[in-house]
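*Asks:* Take a look at this one; I'll ask things after.
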Amino acid sequence: MSRGAALAEGKSNILQSVNAALADALAEDEAVLVLGEDIGDAEEGGVVGVTRGLSTRFGEHRVRTTPISEQAIIGAAIGASLAGFKPVAEIMLMNFTTVAMDMIVNHAAKLRFMSGGQTNVPIVIRTMTGTGFGSGGQHCDYLEAWFAHTAGIKVVAPSSPADAYGLMRSAIDDPDPVLFIENLPTYWNQAEAAPSGYRVPIGRAKVLAEGRDVTILAYARMIQEATPALAQLAEAGISAELIDLRTIAPWDRETVLASVAKTRRLLIVHEAVTPFGVGAEIAATVGEALFGQLAAPVKRLGGAFCPVPFSKPLESAFAPRTADIVAAAQTLAAHL
């Protein structure tokens, strides 16, 4: 289906939704800027075309292709934000945020605190990642726990076109730095489009399906793996509740705790490696808050503790899949 036909039917994909969110924000607010490597129309709007058409429409002074220097991109974004702008800085791949870690962690995250609240850093850092394209160990890690561990940064990871649009608009509105994680393999999945101006509140999870026996908590591409698991579990007589976390930092404790208090079982699924991950923080919080109410220990599913393999069979085995989610949920449900 073509982009025009999809939008005419009220459908979109994540790539189109991020593009639309940026375009709407640029049109509504002259303070919004976009910068990053190869994002201009001379370079086809980036490696997958997320920013295609924006530099032609809004001018290269507002949608600016930068040199290949992540430190320069984030440094320029921070400086522009201090001067009153709202920059959206693209770091092409999430692994490349490591090159600018000092700028992100020691400057963007801390300036509001270290200035006693006299200034803030309203930047959005867009980046993509995800296994499935044979990109190798230096191009597709999920590093969200690194940034969620840093006070002063908000971290979001949409799984649907509507949430991609709504979270991007909220991230641009936010007075603090927001890391916006896009999953490469899900860019082209068609679903309902968001209306112009739609916002998804940062810090608010979404219950995608209600259930009574086990809560499955996931985000980004793992929602695509968890969704078909619900029907398979239902066939086995297990009623699963599925929650899309959407915002990793700050995460929606109220929604998660209310769900687990009902089902008494929790399965956390993410593509990042399991040790020291987002799932560990949530599992610890749930264990502390609901100690004595749980019917089974909280279970985590994540990537293998190794660099992402380049080999296709090994890469396919790296991250959780639907069958893994079904098996884990069945194990939890067996605890009375």
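*Asks:* How much of the accessible area of region 206-333, in percent, comes from carbon and sulfur atoms when a 1.4 Å probe is used? Can you show the working numbers first?
*Replies:* Numbers: 3160 of 5430 Å².
Of all accessible area on region 206-333, carbon and sulfur atoms account for 58 percent.
*Asks:* Region 18-52: which GluC sites (Glu not before Pro) are DSSP loop and have at most 16 other beta-carbon atoms within 10 angstrom? Write out the running numbers ahead of the final one.
*Replies:* Working: sites: 28, 30, 37, 43, 44; in loops: 30, 44.
Sites meeting the loop and neighbour criteria: 30, 44.
*Asks:* Under the 0.36 nm per residue contour assumption, what length would be gained going from the current alpha-carbon distance of residue 118 and residue 285 to full extension? The partial results should precede the final answer.
*Replies:* Working: separation 167, 0.36 × 167 = 60.12 nm, distance 3.28 nm.
Length gained, residue 118 through residue 285: 56.8 nm.
*Asks:* Could you tell me which of 207, 231, 316 has its Cα farthest along the dipole of region 177-336 towards the positive end, charges placed at Cβ (Lys, Arg +1; Asp, Glu -1), taken about the Cα centre?
*Replies:* Selected residue: 207.
*Asks:* So how far apart, in nm, are the two label points at residue 261 and residue 192 if each is 7 Å from Cα heading toward Cβ?
*Replies:* In this crude label model, residue 261 to residue 192 measures out at 2.8 nm.
*Asks:* For the chain, with a Gaussian network of springs between Cα atoms less than 10 Å apart, report the residue from 295, 249, 205 with the top mean-square fluctuation.
*Replies:* Per the Cα network of the chain with a 10 Å cutoff, 295 tops the list.
*Asks:* Let me see the pair-distance distribution of region 11-192: every alpha carbon pair, 10 Å bin width, integer percents in order.
*Replies:* 10, 41, 39, 10, 0
*Asks:* Relative to the longest principal Cα axis of the chain, at what angle does helix 70-82 sit, 0 to 90 degrees, rounded to 10?
*Replies:* 80 degrees
*Asks:* Oh, and also: Restricting to DSSP loop positions (anything but H, G, I, E, B) with no more than 13 other Cβ atoms inside 10 Å of their own Cβ, which chymotrypsin sites (Phe, Trp or Tyr not before Pro) remain in region 45-133?
*Replies:* Listed in order of number, the matching sites are 133.
*Asks:* With every protein chain kept in place and ligands, DNA and RNA left out, what is the accessible area per residue of region 111-158? Probe 1.4 Å, answer in Å².
*Replies:* Numbers: 2030 Å² over 48 residues.
Result: 42 Å² of accessible area for each residue.
*Asks:* Suppose every Lys and Arg Cβ carries +1 and every Asp and Glu Cβ carries -1, with no other charges. What dipole size does the chain come out with about its Cα centre, to the nearest 20 debye? Mind dumping the intermediate values first?
*Replies:* Details: 26 positive and 35 negative charges, 122 e Å.
Computed charge dipole of the chain: roughly 580 debye.
*Asks:* Using a 1.4 angstrom probe with every protein chain in place, what is the largest-first accessible-area order of 176, 102?
*Replies:* Values: 176 25, 102 80 Å².
Heavy-atom accessible area, descending, gives 102, 176.
*Asks:* On the Cα set of region 196-322, report Rg and Dmax in Å, please.
*Replies:* When restricted to the Cα atoms of region 196-322, Rg and Dmax are 14.9, 46 Å.
*Asks:* Among the lysines in the chain, how many pairs, 8 or more places apart or on different chains, have alpha carbons under 28 Å apart?
*Replies:* Value for the chain: 11.
*Asks:* Which angle from 0 to 90°, rounded to the nearest 10, does the C-alpha axis of helix 278-289 make with the longest principal axis of the chain?
*Replies:* Approximately 50 degrees, to the nearest ten.
*Asks:* Within region 85-128, whose backbone N sits under 17 Å from a point 7 Å along Cα→Cβ of residue 151?
*Replies:* 105-121
*Asks:* Quote the convex hull volume per residue of the chain, based on C-alpha atoms, as a whole number of Å³.
*Replies:* Values: hull volume 45.1 nm³, N = 336.
Per residue, the Cα convex hull of the chain comes to 134 Å³.
*Asks:* Let me ask something else. Rounded to the nearest whole Å², what accessible area per residue is found for region 206-333 with the 1.4 Å probe? If you can, show how the numbers build up before the last one.
*Replies:* Numbers: 5430 Å² over 128 residues.
Normalised by residue count, the accessible surface of region 206-333 is 42 Å².
*Asks:* Using a ≥ b ≥ c from the Cα gyration tensor of region 140-202 (square roots of the eigenvalues), is it rounded, prolate or oblate, where a/c under 1.5 gives rounded and otherwise the larger of a/b and b/c decides, a/b for prolate? List each step's numbers first, then the result.
*Replies:* Working: a/c = 3.35, a/b = 1.26, b/c = 2.66.
In terms of gyration-tensor shape, oblate.
*Asks:* For the chain, what does the relative contact order come out to in percent, with C-alpha contacts under 8 Å and a separation of six or more?
*Replies:* Values: 726 pairs, mean separation 54.2, N = 336.
Here the relative contact order equals 16 percent.
*Asks:* On a full-extension model of 0.36 nm per residue, what is the gain between residue 138 and residue 314, subtracting their alpha-carbon distance, rounded to one decimal in nm? All intermediate terms of the calculation are to be shown ahead of the outcome.
*Replies:* Details: separation 176, 0.36 × 176 = 63.36 nm, distance 1.54 nm.
Here the answer is 61.8 nm.
*Asks:* While we're here: Measure nothing fancy, just the Cα-based angle from helix 253-263's long axis to the longest principal axis of the chain, in degrees from 0 to 90, nearest 10.
*Replies:* The two axes meet at around 20 degrees.
*Asks:* Give me the one-decimal nm value for the distance between modelled label points at residue 38 and residue 276, 7 Å along each residue's Cα-to-Cβ direction.
*Replies:* Once both label points are built, they end up 3.1 nm from each other.
*Asks:* Quick one: putting +1 on the C-beta of Lys and Arg, -1 on the C-beta of Asp and Glu, what dipole do you get for region 206-333 around its Cα centre, in Debye to the nearest 20?
*Replies:* On the way: 12 positive and 13 negative charges, 16 e Å.
Taking the Cα centre of region 206-333 as origin, the dipole is about 80 debye.
*Asks:* Can you give me the C-alpha center-to-center distance between region 140-187 and region 36-96, rounded to a whole angstrom?
*Replies:* The two parts, judged by their Cα centres, are 16 Å apart.
*Asks:* Quick one: work out the % antiparallel among DSSP beta bridges in the chain, nearest 5. Intermediate results must be reported in sequence, preceding the final value.
*Replies:* Details: 7 of 43 bridges.
So the antiparallel bridges amount to about 15 percent of the total.
*Asks:* Positive end of the charge dipole of region 11-192 (Lys, Arg +1 and Asp, Glu -1 on Cβ, about the Cα centre): tell me which of 33, 83, 19 has its Cα farthest that way.
*Replies:* Positive-end residue among those listed: 83.
*Asks:* About its Cα centre, what dipole magnitude does region 1-94 give when the only charges are +1 on Lys and Arg Cβ and -1 on Asp and Glu Cβ, stated in debye to the nearest 20?
*Replies:* On the way: 7 positive and 13 negative charges, 32 e Å.
Roughly 160 debye for region 1-94.
The values are calculated or read from the model by the stated rules, or taken from the named source; none is laboratory data. None of the values given here were measured: they were computed from a predicted structure. Cβ atoms come from the backbone with ideal geometry, glycine included; neighbour counts cover every protein chain shown. The accessibility values were calculated without ligands, DNA or RNA, using every heavy atom of the protein model including side chains. Shrake-Rupley method; radii C 1.70, N 1.55, O 1.52, S 1.80 Å.
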